[in-house]
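> Encoded as structure tokens, here's the structure I'll be asking about.
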Amino acid sequence: MRVRVKITGAVQGVGFRPFVYRLANEWNLSGWVINSSQGVRIEAQGAEADVEAFLRRLQEHPPPHAVVAGFEVAGIPEQDGSGFRVLASDPEGEPAAFLLPDLASCRECLAEVRDPANRRYRYPFTTCTNCGPRYSIVEGIPYDRPLTSMRRFVMCPACEREYRDPADRRFHAQTNACPACGPRLELWDPAGQVLGQEEAALRAAAEAVRHGRILALKGLGGFHLICDARNAAAVRLLRERKRRPAKPFAIMAPDLEAVRKLCVVNSGAASLLESPQAPIVLLERAPGCGLPEELAPGNPMLGIMLPYTPLHALLMDELGFPIVATSGNLSDDPICFDEHEALQRLHGVADLFLVHDRPILRPVDDSVVRFIDGRPVLLRRARGYAPLPFDAGRKLPELFATGAHMKNTVAFSRGRLIFVSQHIGDLETAAGAASHERAARDFLRVYDVQPVCVAHDLHPDYGSTRSAPQWGRRLVAIQHHKAHVLACMAEHQLSGPVLGVAWDGAGYGEDGTVWGGEFFVFDGRRFERVGRFRPFRLPGGEQAVREPRRALLGVLAAAGRADEAEPLFTKAEWKVLRVALDRGLNAPWTTSAGRLFDAAAALLGLCTKTSFEGEAAMALEFAARREIEAGPVPLPFDNGIVDWAPLFSQLAEPGLPLRHKAWLFHAALAGAVTGVAQTLGLRAVVLSGGCFQNALLTRLAAQSLRESGFEPYTHRMLPPNDGAVAAGQICGAALEVESCVWQSLDES
Ligand code: ZN
Ligand code: ZN
Ligand code: FE
């Protein structure tokens, strides 16, 4: 019998064709396999039992990193011919194939790099079909060497033999390379002068780090800034030069054993650290961790990862101690990924540049994961995860979404799938806005997206809103917090009705005020804003975001106790602020839960000014330790308003220890979610927004909901923060473009 098989999904760049080839030979089948823009196509012919066994095996045990979305088999007439062939890729047809994320080095490759007898001994660009760069070096679909930045490297005879040998681990490995034919390492000084090459470059770079200097390293998806994590002076110097006073730095440790000495590592964290995604994992510092406070001031956790390329592994082998490996940029700018650009942008920041000549075609940051309520939650979704899509559970029109203003991502839909881009970053700076446009254009081009409609945030001044008209003629604005709720629903394939709780720092509301503590009922068609926090003013507007004391003033003023905030300001500031509040000048109304966290942190004396987003909320979370068994005062919910005033009165009382007050605040807010849920009586409660990056709030809210018979839903694949907004905009636009799509398709 002869069959034609069409396999779609993330099936390219995972060794699918060699896998099929070996399987076909095992069962003595003839035919061929080809990578097409639609995925992998196979024709296979042989005895009926053999063909069936082949298909069963292929379906039940595909190659390890493949994500199969569709598997179609059709019987066709038999043909003459013998042998099974791997055909060159077919560039025709509608691109439906997926791109794979960059994957951490596999064990076999790392073993070769450390084996003196191997021809790839100490070669930093060793990869195989199971590991190495993908998304960061791909120009187009299908995934084949001529469409990657490896195209400039012509394989030597030895590599060519591996590439052609179906029995080899590197059979059709598009990134195949060796010291004779592949990318090379160079060490540059800040003027771009070559100080050393290959082995000498690596050793000199390690020596510099050992001596407290700052190294810019071109890695997989961009540059890292590296220094000795044990050296407080080096860490301080890096903070100064990078203009990043307090935001935590990520650490890279030589191996899992080293991580265990620094942090508390449970089995879930260990397998995540060693996974092909190899993200930064936020872990509690171990007692006797010994690393300087400067790495993450006031923070009981460290963001830590393991080496994920042979280059990182070789550097760590040389050093044998943990290093700071923070993204190569200045404060809030996007990450550098080109060595010549890095010389300029990181001038005065890095002492040395360890670079290579394999071009990075798109920047991909390290992903960040935190365990919340016992499950890993992505706080930043990039390397290892993007651009894999997720199944929204219903057919969607082809749409494009430009995302939020902070932690920007873009997204598009095709079939039932939503593809969310890698973390692009904040659009505050010109560089940030430019990298958003570049990433959007790239995403649309690579996947050949023809959106029937482009979705953007309701905020007229977001960089992502202003960029939207260039991608399509029909535009739809989606309110920020509704997008949050829809994104989380889509991940869980929920169709409603749900109670949607969206809490974050700020989003443009439909009444022109700043929303951020919102409760919606969504019935599958329409949103109703059924609740919100009691509004208060933000004196100074944007400035209040960086100054929790201003949020506190707004809260106290709304409660008629403004004077209590006076000691937090200078006389001159106070005069201006009082006028601003009395006349309502530059003091917008808000319902933001994030700003309530700020106000509480300021009231408890934890933080009156901040240098990075979320700093005050983190300080409040870390301060919270439950001491006595007394609940917080319940927050009244009347007329759609959750009133925080009794809570702030309780927090202002003298006598209670700080750690107890901080806990009370979290418990009260968690209780407010359950309170509103009980009033509305909907079983499914969706929690989204940056506030749910707070592990204590999320755990307390989820527990309290479960105990009261509700079902809480939190993000699984997307971050709870604004990285999820683009996916939610897709869903919101789908509702507008095809009204009622949410329920009708669910029922069909
Ligand atoms: Zn490998
Ligand atoms: Zn070679
Ligand atoms: Fe948000």
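> Here are A286, A253: which of them is under 25 Å from the mean Cα position of the chain (by Cα) and open to solvent by less than 40 Å² (accessible area, probe 1.4 Å)?
From the options A286, A253, the qualifying one is A253.
> Another question about this same structure. Kindly check whether there is at least one residue in the stretch 213-230 that is open to solvent by 10 Å² or more (accessible area, probe 1.4 Å) and either among the aliphatic types (A, V, I, L, M) or not assigned by TED's automatic domain parsing to the domain that holds G303 (or both).
No: the stretch 213-230 contains no residue that is open to solvent by 10 Å² or more (accessible area, probe 1.4 Å) and either among the aliphatic types (A, V, I, L, M) or not assigned by TED's automatic domain parsing to the domain that holds G303 (or both).
> So which of V377, V364, V349, V355 ends up being in contact (Cβ under 8 Å) with a residue 40 or more places away in the chain, in a strand (DSSP E or B) and not assigned by TED's automatic domain parsing to the domain that holds S467?
It is V355.
> Among K247, K261, which is in a helix (DSSP H, G or I) and either open to solvent by 50 Å² or more (accessible area, probe 1.4 Å) or at positive phi (or both)?
K261
> Among A440, A455, A468, A433, which is the only one that is over 28 Å from D638 (Cα atoms) and open to solvent by 10 Å² or more (accessible area, probe 1.4 Å)?
On inspection, the qualifying residue turns out to be A433.
> Would you confirm, using the coordinates I've provided, whether L343 is outside any strand (DSSP E or B), modelled with pLDDT of 95 or more and surrounded by fewer than 22 Cβ atoms within 10 Å (Cβ to Cβ)?
Yes, satisfied.
> I've got another one for you. Where the second residue is of a type in the set (S, T, N, Q) and open to solvent by 50 Å² or more (accessible area, probe 1.4 Å) and the first is farther than 16 Å from C607 by Cα and lies in the stretch 553-580, which pairs have Cβ atoms under 7 Å and are six or more apart or on separate chains?
A580/N586
> Right, next: Please tell me if R699 is assigned by TED's automatic domain parsing to the domain that holds A616, in contact with an Asp or Glu (Cβ under 8 Å, 6 or more places away or on another chain) and without any contact (Cβ under 8 Å) to a residue 60 or more places away in the chain.
Against the criterion (assigned by TED's automatic domain parsing to the domain that holds A616, in contact with an Asp or Glu (Cβ under 8 Å, 6 or more places away or on another chain) and without any contact (Cβ under 8 Å) to a residue 60 or more places away in the chain), R699 does not qualify.
> Let me ask another. Restricting to the stretch 376-410, and then to whatever is modelled with pLDDT of 95 or more and of a type in the set (D, E, K, R), can you tell me which residue is farthest from A468 (Cα to Cα)?
R383
> Quick one: in the stretch 118-138, which of the residues that are away from ligand 1 (no atom under 12 Å from the Cβ) and among the polar types (S, T, N, Q) is surrounded by the fewest Cβ atoms within 10 Å (Cβ to Cβ)?
Here the residue is N118.
> Looking only at strands (runs of 3 or more DSSP E) that lie completely in the stretch 489-546, which have at least 1 residues being open to solvent by 40 Å² or more (accessible area, probe 1.4 Å), touching a strand residue (DSSP E or B) at 6+ places or on another chain (Cβ under 7 Å) and away from ligand 2 (no atom under 16 Å from the Cβ)?
498-508, 527-533
> Tell me which residues, restricted to the stretch 325-340, are crowded, with 23+ Cβ neighbours inside 10 Å and among the aliphatic types (A, V, I, L, M).
Matches in the stretch 325-340: A325, I335.
> Within the stretch 662-677, is there a residue that is surrounded by fewer than 17 Cβ atoms within 10 Å (Cβ to Cβ) and over 30 Å from the mean Cα position of the chain (by Cα)?
no
> Does S704 meet the test of being within 21 Å of T590 (Cβ to Cβ) and part of a helix (DSSP H, G or I)?
no
> Which of the residues spanning the stretch 35-66 are touching a helix residue (DSSP H, G or I) at 6+ places or on another chain (Cβ under 8 Å), in a helix (DSSP H, G or I), hydrophobic (A, V, I, L, M, F, W, C) and without any contact (Cβ under 8 Å) to a residue 40 or more places away in the chain?
Hit for the stretch 35-66 is F54, nothing else.
> Pairs needed: first member in the stretch 493-509, more than 28 Å from Y462 (Cα to Cα); second member anywhere, modelled with pLDDT under 95 and of a type in the set (F, W, Y); C-beta distance under 9 Å; at least 6 residues apart or different chains.
S495/W742; G496/W742
> If you check every pair at least six apart or on different chains, which have Cβ atoms under 6 Å apart with a residue in the stretch 467-483 that is closer than 22 Å to D504 by Cα and polar (S, T, N, Q) first and a residue that is open to solvent by 70 Å² or more (accessible area, probe 1.4 Å) and within 16 Å of ligand 3 (Cβ to nearest atom) second?
Q479/E510
> Ok, one more. Would you check which residues across the stretch 616-658 are buried (at least 21 other Cβ atoms within 10 Å of the Cβ), touching a strand residue (DSSP E or B) at 6+ places or on another chain (Cβ under 7 Å) and not in a loop (DSSP other than H, G, I, E, B) and list them?
Within the stretch 616-658, V642 is the sole residue that qualifies.
> If I ask for residues that are open to solvent by 10 Å² or more (accessible area, probe 1.4 Å) and in contact with a Lys or Arg (Cβ under 7 Å, 6 or more places away or on another chain), which ones from the stretch 378-392 would you list?
L379, D391, listed by residue number.
> Out of L185, L147, L195, which single residue is surrounded by 21 or more Cβ atoms within 10 Å (Cβ to Cβ) and more than 16 Å from ligand 1 (Cβ to nearest atom)?
L185
> Within the stretch 121-138, can you find the residues that are closer than 18 Å to H172 by Cβ and charged (D, E, K, R)?
Residue satisfying the conditions is R134 alone.
> Go through the stretch 691-728 and give me each residue that's touching a His at 6+ places or on another chain (Cβ under 7 Å) and under 22 Å from G507 (Cβ atoms).
Scanning the stretch 691-728 gives L697, Y713, G723, A724, V725, G728.
> Might you let me know whether the stretch 563-571 holds any residue that is of a type in the set (D, E, K, R), away from ligand 3 (no atom under 16 Å from the Cβ), modelled with pLDDT of 95 or more and under 20 Å from G614 (Cα atoms)?
no
> Moving on to the next point. Is the stretch 454-463 home to any residue that is closer than 20 Å to K395 by Cα and away from ligand 3 (no atom under 16 Å from the Cβ)?
Yes, some residue in the stretch 454-463 is closer than 20 Å to K395 by Cα and away from ligand 3 (no atom under 16 Å from the Cβ).
> Looking only at residues that are within 17 Å of S464 (Cβ to Cβ) and among the β-branched types (V, I, T) in the stretch 693-738, which one is nearest to ligand 3 (Cβ to nearest atom)?
So, considering only residues that are within 17 Å of S464 (Cβ to Cβ) and among the β-branched types (V, I, T), the one nearest to ligand 3 (Cβ to nearest atom) is V725.
> Same structure again: Please work out which one of (1) over 24 Å from P279 (Cβ atoms); (2) surrounded by fewer than 22 Cβ atoms within 10 Å (Cβ to Cβ) is the condition F353 fails and give its number.
Only one criterion is unmet by F353, namely (2).
> If you don't mind, another one. Among the residues in the stretch 128-145, are any over 20 Å from M316 (Cβ atoms), within 16 Å of ligand 2 (Cβ to nearest atom) and among the β-branched types (V, I, T)?
Yes: the stretch 128-145 contains one or more residues that are over 20 Å from M316 (Cβ atoms), within 16 Å of ligand 2 (Cβ to nearest atom) and among the β-branched types (V, I, T).
> Could you list all residues from the stretch 291-324 that are open to solvent by less than 10 Å² (accessible area, probe 1.4 Å) and free of Cβ contacts under 8 Å to residues at least 60 places away in the same chain?
Of everything in the stretch 291-324, those that are open to solvent by less than 10 Å² (accessible area, probe 1.4 Å) and free of Cβ contacts under 8 Å to residues at least 60 places away in the same chain turn out to be A296, L302, I304.
> What pairs come out if I take residues in the stretch 106-127 that are over 23 Å from L273 (Cβ atoms) and in a loop (DSSP other than H, G, I, E, B) and pair them with residues that are of a type in the set (A, V, I, L, M, F, W, C) and away from ligand 2 (no atom under 14 Å from the Cβ) whose C-beta lies under 7 Å away, six or more apart or interchain?
That search, which allows pairs on different chains as well, returns R120/V113; Y121/V113; R122/V113; R122/L314; Y123/V113.
The values are calculated or read from the model by the stated rules, or taken from the named source; none is laboratory data. None of the values given here were measured: they were computed from a predicted structure. Cβ: placed from backbone, ideal geometry, glycine included. Neighbour counts: every protein chain shown. Heads up: the accessible areas ignore ligands, DNA and RNA and are worked out on the full protein's heavy atoms, side chains in. Shrake-Rupley method; radii C 1.70, N 1.55, O 1.52, S 1.80 Å.
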